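Since every read-out is calculated from the coordinates, none of them should be taken as a lab result. The structure presented is a predicted model; accordingly, all values stated were derived computationally and were not measured. Virtual Cβ from ideal backbone geometry, glycine too; neighbours counted across all protein chains shown.
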Amino acid sequence: MTLLARRRFSAALAGGLLLPSLTRAADTALPVPASLPGAAQTAAAKKEPLVLLISLPGCPYCELVRRNYLLPAQRTGSLHAWQLNISDRTTPLVGFDGKLTTAAAQVAEWKAGFTPTVLFLGAAGQDLAERLVGLASLDFYGAYFEERVATARRALARPA
């Protein structure tokens, strides 16, 4: 079985198992930034990293990351997360360089083409912590997520 076939099979299996619990994905949507520098400034004003979910519509793993990790942290006010749709080639997005781009082009530039991927960025778009790529295990994902948020916060707190 090829890698692509295994991914499709896994997605179909997960989708079938998760579908009843994911009935209203619109309830779990994260905001989409119009400007990456603007979103980064919003996060920096709270002394937080810019947390970006690279997502794909219909991705059950992306939905799990939103529902179980990003939205609860956002609701408690411990961080603010945004999302970029990996397939959005039409909605304008201001990149960190100040130029207009799209989410799809920005994600390609970052080489973040696997979903879900969570980025932890500084005000200039620099990585503050290792990317969290995929969703291998629900048992450990929360610990991996919290560790990267803590790493990003420590990086922000270091004197320049």
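Listed values, structure above:
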read-out: Total residues in the range 113-160, condition assigned to a loop (DSSP other than H, G, I, E, B) and among the hydrophobic types (A, V, I, L, M, F, W, C); value: 8
read-out: Candidate set from the range 93-108 (those that are among the small types (Gly, Ala, Ser) and part of a loop (DSSP other than H, G, I, E, B)); member that is surrounded by the fewest Cβ atoms within 10 Å (Cβ to Cβ); value: Gly98
read-out: Residue within the range 120-136 that is free of Cβ contacts under 8 Å to residues at least 12 places away in the same chain, over 22 Å from Gly38 (Cα atoms) and surrounded by fewer than 12 Cβ atoms within 10 Å (Cβ to Cβ) present; value: yes
read-out: Where Arg66 falls short, out of the listed (1) within 20 Å of Leu132 (Cβ to Cβ); (2) charged (D, E, K, R); (3) in contact with a strand residue (DSSP E or B) (Cβ under 7 Å, 6 or more places away or on another chain); (4) in a loop (DSSP other than H, G, I, E, B); value: (4)
read-out: Positions within the range 35-55 being assigned to a loop (DSSP other than H, G, I, E, B) and either over 13 Å from the mean Cα position of the chain (by Cα) or surrounded by fewer than 21 Cβ atoms within 10 Å (Cβ to Cβ) (or both), in sequence order; value: Lys46, Lys47, Glu48
